[in-house]
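Everything on this sheet refers to the single structure shown next.
The values are calculated or read from the model by the stated rules, or taken from the named source; none is laboratory data. None of the values given here were measured: they were computed from a predicted structure. So basically every Cβ, Gly included, is an ideal-geometry build from the backbone, and we count neighbours across all protein chains shown.
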Amino acid sequence: MDALIMTIIENIMIILVTLAAGFIVAFIRKRIGTEGMQKVVLELALKQELAKLAVKFAEQVYRDFKGDEKYTMAALWLADSAGGLGLKISESEIKGLIEAALRTCKDEFGEQWAKAIKEP
């Protein structure tokens, strides 16, 4: 009986969260318009691609560096590249983008990534 009640509550919460997300997206679209939304999406995609390049760059060029040092070099490269393209990017955005890009690279390349990092 308790499991049934918990399942019902979970389903209600899922529905409420889905509805809330739909209202938020509709509000944002209305607020900034479709063109503004497309610009935001395009800018985010560009930043994500730059972050992937920053991670790959740091892994290739700074092989002898450790984690924090590599992160710093990738962050500097990303900030410089974004600035060169006229994109504004905050430190927290840089951190999130680099962490996400690193996770994507690890997921895509799996064991090969781990071996490449360990090999001199």
Does residue 59 satisfy being farther than 22 Å from residue 108 by Cβ, assigned to a helix (DSSP H, G or I) and either touching a residue at least 60 places away in the same chain (Cβ under 8 Å) or among the acidic types (Asp, Glu) (or both)? no
Testing residue 98 on (1) modelled with pLDDT of 90 or more; (2) over 13 Å from the mean Cα position of the chain (by Cα); (3) not charged (D, E, K, R), one condition comes back false. Which one is that? (2)
So, residue 34, is that one farther than 30 Å from residue 86 by Cα and of a type in the set (Ser, Thr, Tyr) or not? no
